[in-house]
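A.B. asks: Have a look at the structure that comes next, please.
Rule-based calculations on the coordinates, nothing more; no lab input. Everything numeric in this text was worked out from a predicted model, so none of it was measured. Positions of Cβ are backbone-derived with ideal geometry, glycine not excepted, and every protein chain shown enters the neighbour counts.
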Amino acid sequence: QRFSVFASGTGSNFDAMMQDKKIASSIVLLVCDKPGAAVIKKAQGYGVETLVLEPKRYASKQEYEKVIAEKLQDLEVEWIFLAGYMRLIGETLLSQYEGRIVNIHPSLLPDFPGKDAIGQAYRAGVSKTGVTIHYVDEGMDTGPIIAQEEIERLPEETEEQLKTRIQAVEHRLYPNVINQLMQNVTEEL
Ligand code: GRF
């Protein structure tokens, strides 16, 4: 299997994937929409090819995604894993990769979609939150759920501490779910 990871930020989830030998050997491209994002250097450090684009330089989302879609086709990418890609996926990529785009989100969806999900949950005073991995559709953090893991909110914990614990769950859960998905794909063949 050949994967592309889409990310806009720090890349701690990208890092976690690269710690898994099987997944690392499948990742052939990082797509990033933020020149200067830390994840780009990380990918380069691992020798993973990067495609860095600035969406505002394109006339439309369709034009922007066409460039990505062509690159994905050239590299024969079969699956896209979003890891902090702060942008909605449009029709061009959705139709080309139907059922093969997966996202991770730091809340128990459908609660707290969108930006700053950890802060949203923290401020709402929830007693538990967690991580969701789901297939991507045209909505913001919608799409069928593949896996969820809950964590309890600890009394007197700061938002930063909660974030650290959620990220630890993400870094374990995402690689596990990817491996499980690939196993299912192999069994279906
Ligand atoms: C993660 O919390 C992920 O769930 C969300 O964006 C964050 C990306 O973090 N979609 P990183 O760039 O992987 O460190």
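A.B. asks: State the answer as a single residue: which of Leu29, Phe112, Leu72 lies farthest towards the positive end of the charge dipole of the range 28-119, with beta carbon charges of +1 for Lys and Arg and -1 for Asp and Glu, about the Cα centre.
C.D. replies: Comparing the listed Cα positions along the dipole, Phe112 ranks first.
A.B. asks: Run the quick spin-label model on Glu91 and Ser60: label points 7 Å from Cα toward the beta carbon, then report their separation in nm to one decimal.
C.D. replies: 0.8 nm
A.B. asks: Return the distance in nm (one decimal) between the two label points of a simple spin-label model at Glu149 and Asn179, each offset 7 Å from Cα along Cα→Cβ.
C.D. replies: 1.2 nm
A.B. asks: Same structure, new question: How high is the relative contact order of the chain, in percent, with contacts defined as C-alpha pairs under 8 Å that are six or more residues apart?
C.D. replies: Computed value for the chain: 20 percent relative contact order.
A.B. asks: May I ask for the percentage of alpha-carbon pairs in the range 29-78 that lie more than 18 Å from each other?
C.D. replies: Tail of the P(r) past 18 Å holds 34 percent of the pairs.
A.B. asks: Among Tyr174, Thr129, Pro155, which residue has its Cα positioned farthest towards the positive end of the charge dipole of the range 124-189, with +1 placed on the Cβ of Lys and Arg, -1 on the Cβ of Asp and Glu, and the dipole taken about the Cα centre?
C.D. replies: Pro155
A.B. asks: Another question, if that's okay. Place a +1 charge on the Cβ of each Lys and Arg in the chain and a -1 charge on the Cβ of each Asp and Glu, then give the dipole magnitude about the Cα centre in debye, rounded to the nearest 20.
C.D. replies: 520 debye
A.B. asks: For Ala38 and Ala124 in the same chain, what is the full-extension length gain: residue separation times 0.36 nm, less their Cα-Cα distance, in nm?
C.D. replies: Between Ala38 and Ala124, full extension yields an extra 28.0 nm.
A.B. asks: While we're on this one: Would you mind checking the range 16-30 for residues with the amide N under 17 Å from a putative spin-label position 7 Å along Cα→C-beta of Leu189?
C.D. replies: Hits in the range 16-30 for Leu189 at 17 Å: 22-28.
A.B. asks: Using only the alpha-carbon atoms, what does the chain span along each of its principal axes? Please give whole angstrom values in decreasing order.
C.D. replies: 50, 41, 32 Å, listed from the longest principal axis down.
A.B. asks: Arrange Thr142, Thr132 by Cβ neighbour counts within 10 Å, fewest through most, would you?
C.D. replies: Thr142, Thr132
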